[in-house]
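Engineer: Below you will find the structure I want to go over with you.
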């Protein structure tokens, strides 16, 4: 999210209020339920992921409070492709590809209060839709009808038109130096999966292939 961080920095430098950076799009926990079908070495499935993070600039003293908040979230479906490279005892080593669509929503909130009086409180909404690709590796270990997996991947997001302003009358894009700003969900992704194998559950938890 380097473009959004750069946008925040520019807004803060141009503001007459010398606010302090509190959060700047920190790492986040994501949620991704999925279903899949397994063959001997291959797994194909579909998933739906949820992500959220944000930033805050703030200034507060006895006279009042200023806040500049950004809340950004995304969700969307994807197709999963896993391939088991090799197996060592019960540990399974896989490579995977995830190809999907992300619908991003972002809200900018800027407010200023002097004492208990509201000077202004403005909110701006933006959206974007982008495709992404996530290649990576997994290590899995089955226990009865459960499967525990740890994965490491890297998200590569295609840049669409950018974050579009959702105003009642006006339309436009969030920009820095004349260039459209993108959500930028690119980056390293770490995951922990707990899956239920319905075939093994039906067979009483047998670990036979």
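What follows is calculated from the coordinates using simple rules that are stated; it is not laboratory data. If you're wondering where the values come from, they're calculated on a predicted model, not measured in any experiment. Note that we place each Cβ from the backbone using ideal geometry, even for glycine, and neighbour counts take in every protein chain shown.
Engineer: Obtain the nm distance between the two label points defined at residue 175 and residue 40 by a simple spin-label model: each point lies 7 Å from its Cα along the Cα-to-C-beta direction.
Structural biologist: 5.8 nm
Engineer: Taking the Cα atoms of the range 129-178 alone, what are Rg (to one decimal) and Dmax (as a whole number) in Å?
Structural biologist: Every Cα atom of the range 129-178 included, Rg and Dmax give 19.6, 58 Å.
Engineer: Follow-up. Please list, in order, the residues from the range 4-29 whose amide nitrogen is less than 11 Å from a point placed 7 Å along the Cα→Cβ vector of residue 119.
Structural biologist: Those under the cut-off are 16-18.
Engineer: In nm, to one decimal, how far is the residue 18 label point from the residue 93 one, both placed 7 Å along Cα→Cβ?
Structural biologist: The modelled label-to-label distance comes out at 5.6 nm.
Engineer: Distances over 15 Å make up what percent of all Cα-Cα pairs in the range 72-114?
Structural biologist: Considering the range 72-114, 67 percent of its Cα-Cα pairs are separated by more than 15 Å.
Engineer: Residue 50 to residue 73: extension gain in nm, 0.36 nm per residue of separation minus the Cα-Cα distance?
Structural biologist: Answer, rounded to one decimal: 7.5 nm.
Engineer: Right, another one. Using mean Cβ contacts within 10 Å as the protection proxy, how do 10-22, 147-159 order, highest first?
Structural biologist: With the highest mean Cβ count within 10 Å placed first, the list reads 147-159, 10-22.
Engineer: Quick one: plug the Kirkwood hydrodynamic radius of the range 1-67 (C-alpha pairs) into Stokes-Einstein at 4 °C, 1.567 mPa s, and report D in µm²/s.
Structural biologist: 84 µm²/s
Engineer: For the chain, what percent of Cα pairs sit more than 24 Å apart?
Structural biologist: Tail of P(r) above 24 Å: 53 percent of Cα pairs.
Engineer: Rounded to the nearest 0.05, what FRET efficiency do residue 129 and residue 25 have when you use their Cβ-Cβ distance and R0 = 25 Å?
Structural biologist: Result of the calculation: an efficiency of 0.80.
Engineer: A further question follows. Could you work out how much longer the chain between residue 61 and residue 2 gets when fully extended? Use 0.36 nm per residue separation minus the Cα distance between them, nm to one decimal.
Structural biologist: Working it through step by step, the gained length comes to 18.2 nm.
Engineer: Once you put a point 7 Å from the Cα of residue 101 and another 7 Å from the Cα of residue 85, both along the Cβ direction, what distance in nm separates them?
Structural biologist: According to this spin-label approximation, the distance is 3.2 nm.
Engineer: Let me ask you something else. For the range 101-145 and the range 6-82, what is the separation of their C-alpha centers, rounded to whole Å?
Structural biologist: Between the Cα centres of the range 101-145 and the range 6-82 lies a distance of 4 Å.
Engineer: Hey, another quick one. Normalised by the residues of the chain, what does the relative contact order come to in percent, with Cα pairs under 8 Å and at least six apart?
Structural biologist: 16 percent
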